[in-house]
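Q: Just dropping this structure here.
Laboratory data are not the source of any read-out in this text; all were calculated from the coordinates shown. Note that this is a predicted model, so its numbers are computed, not measured. Heads up, the Cβs are rebuilt from the backbone with ideal geometry, glycines too, and the neighbour counts pull from every protein chain shown.
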Amino acid sequence: MTARRSRSGGARLPYDGELFFKLVRVVNLTARPFVETLARRHKLSLNEWRVMIVLASHPGSAAHEIADVTGLDKMSVSRAIAALGRHDRISRRPDPQDARRTLLELNAAGRRIYQAIGISGREREAQLFAGIGADDKAELERLIDRLVAAVETPR
């Protein structure tokens, strides 16, 4: 595609060919099957699922830690935690070291949903990377880790 003119007369950039746009597209396309099937079946938003993934790996995390790990904004994490609480999928307890912090973890119902969805997620991941060799996958992981580190570094 070539650049076209915007209504104001300036050049419109063809963002769909840019690497950043491609990264966003990959995230959206890989999330689509989750939203279309598992999210509906389990009455779960994508952000709630992302919070559940963190809590399954790091039980006893606080909301700000979940935001840091996922890259989600604090309000999105807060809403996801509230929804998980309303649906009785998490438990909360005060941090014994800091009473201002609440520590979160999946309860039995949350762990059951995590297990059920996690199996499908692993299958989806295997399908996604089926055409990519081990060396390319390892290189992709290294590059993504570098991107994450670059984005997390304060400017």
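Q: Which of rounded, prolate, oblate describes the chain, given a ≥ b ≥ c as roots of the alpha-carbon gyration tensor eigenvalues and a/c under 1.5 marking rounded, otherwise prolate only if a/b is larger than b/c? Each step should come with its number before you reach the end.
A: Values: a/c = 1.87, a/b = 1.59, b/c = 1.18.
Prolate is the answer for the chain, as a/c is 1.5 or above and a/b outweighs b/c.
Q: Straight-line reach from LYS137: which lysines fall under 29 Å, measuring Cα to Cα and dropping same-chain residues less than 8 apart?
A: LYS22
Q: A follow-up question, please. What FRET efficiency comes out for ARG92 versus ARG122 if R0 is 25 angstrom and r is the Cβ-Cβ distance? Round to the nearest 0.05. Before the final figure, lay out each step's value.
A: Numbers: r = 28 Å, r/R0 = 1.13.
Once rounded, the FRET efficiency stands at 0.30.
Q: Ranked by Cβ crowding within 10 angstrom, fewest neighbours first, how are TYR15, TYR114 ordered?
A: Numbers: TYR15 11, TYR114 20.
Lowest to highest Cβ neighbour count: TYR15, TYR114.
Q: I need the phi-derived Karplus couplings for the stretch 86-100: 6.51 cos²θ - 1.76 cosθ + 1.60, θ = phi - 60°, integer Hz, Gly and Pro marked x.
A: Values, residue by residue: 4, 8, 6, 10, 9, 10, 10, 8, x, 6, x, 8, 8, 5, 6 Hz.
Q: Still on this model: Could you put LEU38, LEU143, LEU55 in order, starting from the residue whose Cβ has the fewest other Cβ atoms within 10 Å?
A: Numbers: LEU38 18, LEU143 10, LEU55 25.
So the residues, fewest neighbours to most, are LEU143, LEU38, LEU55.
Q: Calculated FRET efficiency, ALA99 and ALA130, Cβ-Cβ r, R0 41 Å, to nearest 0.05? Show your work: numbers first, answer last.
A: Working: r = 49 Å, r/R0 = 1.19.
Rounded to the nearest 0.05, the efficiency is 0.25.
Q: Could I ask something else about it? How many nm is it between the label spots at VAL27 and ALA56, if each spot is 7 Å from the Cα in line with the beta carbon?
A: The two pseudo-label positions are separated by 2.0 nm.
Q: To continue, here is another question. Kindly put PHE34, PHE129 in sequence by how many other C-beta atoms sit within 10 Å of each C-beta, fewest to most. Display every interim value, and only then the final one.
A: Numbers: PHE34 19, PHE129 13.
Arranged by neighbour count, lowest to highest, PHE34, PHE129 become PHE129, PHE34.
Q: Still on this model: Explain nothing, just compute: Karplus ³J(HN,Hα) = 6.51 cos²θ - 1.76 cosθ + 1.60, θ = phi - 60°, for every residue of the stretch 105-113 in order, whole Hz, x for Gly and Pro.
A: The phi angles translate into 7, 5, 8, 4, 5, x, 5, 5, 5 Hz.
Q: For the chain, with a Gaussian network of springs between Cα atoms less than 10 Å apart, report the residue from VAL54, VAL26, VAL35 with the top mean-square fluctuation.
A: Of VAL54, VAL26, VAL35, the Gaussian network model singles out VAL26 as fluctuating most.
Q: Next question. Using modelled amide H (1.01 Å from N, peptide plane; none on Pro or chain starts), what sits under 5 Å from the amide H of SER61, excluding residues fewer than 5 places away?
A: The list, which skips near neighbours in sequence, is LEU104.
Q: If the label point is 7 Å along Cα→Cβ of LEU147, which residues in the stretch 121-138 have backbone nitrogen under 16 Å from it?
A: Those under the cut-off are 129, 136-138.
Q: Okay, moving on. Tabulate in residue order the Karplus-calculated ³J(HN,Hα) for the stretch 55-69, using 6.51 cos²θ - 1.76 cosθ + 1.60 with θ = phi - 60°, rounded to whole Hz; enter x for Gly and Pro.
A: Once θ is set to phi - 60°, the couplings for the stretch 55-69 become 5, 5, 8, 9, x, x, 7, 9, 4, 5, 5, 5, 4, 5, 5 Hz.
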